[in-house]
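Chemist: One structure is given below, represented as structure tokens, and several questions about it will come after.
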Amino acid sequence: MASETGTEVTDETSTEASEQSLLGTTEVADDRGAGPVASTETVIEARHLDVFYDDVQALQDVNIEIPEKQVTAMIGPSGCGKSTFLRSINRMNDLVDAARIEGELLFRGKNVYDEDVDPVALRRKIGMVFQHPNPFPKSIFDNVAYGLRVQDMDVDEQQVVEESLKKAALWDEVKDQLDKSALDLSGGQQQRLCIARAIAVDPEVILMDEPASALDPIATSKIEDLIDDLAEDYTVVIVTHNMQQAARISDKTAVFLTGGELVEFDDTEKIFENPEHQRVEDYITGKFG
């Protein structure tokens, strides 16, 4: 059974062993002695990735290297495969019977589709936040603690919930009402709560599928500021239909166009100011899409 957090509720006996074989971490020291800095190490890599839904090809021959602790935006017209790629990273497409994957998708050098990879362990390290806020009909506290309990994590719940809400820029707004139903929060608060729930289980990567598309401009601005802060500790991959948003918040931008083709991937500034491909320039300038 799959929960809305992107974490499966299954037998957890093989989770720790799978994580040990799947995962590794690298920290790059600042030469000035000021502590760790953002690394350019590749965390996620696709190699000749094809995704099919029955006989329909949603992604074709995607090759990309996503760097650590940066914000990578996926843009492109509707139906171009952005969300399909995002869902492939933590094997959410496993939940779609018609989906079929060919090629490789690596997380820290390990193909996540190898038979010895436990999807539960994978989704603990690669969390997901969906387009529409999806808090559970539970208290604010229980929402954030949900993943900790499902995965039977031996942690101080109170401390983790507080830290997660602080990282999600929500603590000051809810610290005196943790027993209140999460459904009573505003839309923007609910989305930040879902982000807190995702980071509570200590992931390395946070996937976001148009996390601000259902929010008003003020709430959207808060989410964008939060994404910038999260990139200090996490690798963030975001799908957005809003090209201006991608330009504002991302370090790297991948442009998918019709047919599930990744046409260009580069520094965001270059994509928006001097793309290599005419098709990308036409899309960015609004000539199609």
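The values are calculated or read from the model by the stated rules, or taken from the named source; none is laboratory data. Just so it is clear, the model here is predicted, and its values are computed rather than measured. Heads up, the Cβs are rebuilt from the backbone with ideal geometry, glycines too, and the neighbour counts pull from every protein chain shown.
Chemist: Select from segment 227-258 the residues that are of a type outside the set (Val, Ile, Thr), part of a helix (DSSP H, G or I) and in contact (Cβ under 8 Å) with a residue 12 or more places away in the chain and write down the one among them that is surrounded by the fewest Cβ atoms within 10 Å (Cβ to Cβ).
Modeler: Of everything passing the filter in segment 227-258, Asp229 is surrounded by the fewest Cβ atoms within 10 Å (Cβ to Cβ).
Chemist: While we're here: Among the residues that make up segment 122-137, is at least one of them farther than 24 Å from Thr240 by Cα, among the hydrophobic types (A, V, I, L, M, F, W, C) and within 19 Å of the chain's Cα centre (by Cα)?
Modeler: no
Chemist: Can you tell me which of (1) charged (D, E, K, R); (2) buried (at least 16 other Cβ atoms within 10 Å of the Cβ); (3) in a loop (DSSP other than H, G, I, E, B) is the one Glu224 doesn't meet?
Modeler: Looking at each condition in turn, Glu224 falls short on (3).
Chemist: Of (1) in contact with a Ser or Thr (Cβ under 8 Å, 6 or more places away or on another chain); (2) on the phi > 0 side of the Ramachandran plot, Asp152 satisfies all except one. Which?
Modeler: (1)
Chemist: Inspect segment 32-42 for any residue being over 29 Å from Glu269 (Cβ atoms), out of contact with any Pro (no Cβ under 8 Å at 6 or more places or on another chain), modelled with pLDDT under 90 and surrounded by 12 or more Cβ atoms within 10 Å (Cβ to Cβ) and give the result as yes or no.
Modeler: no
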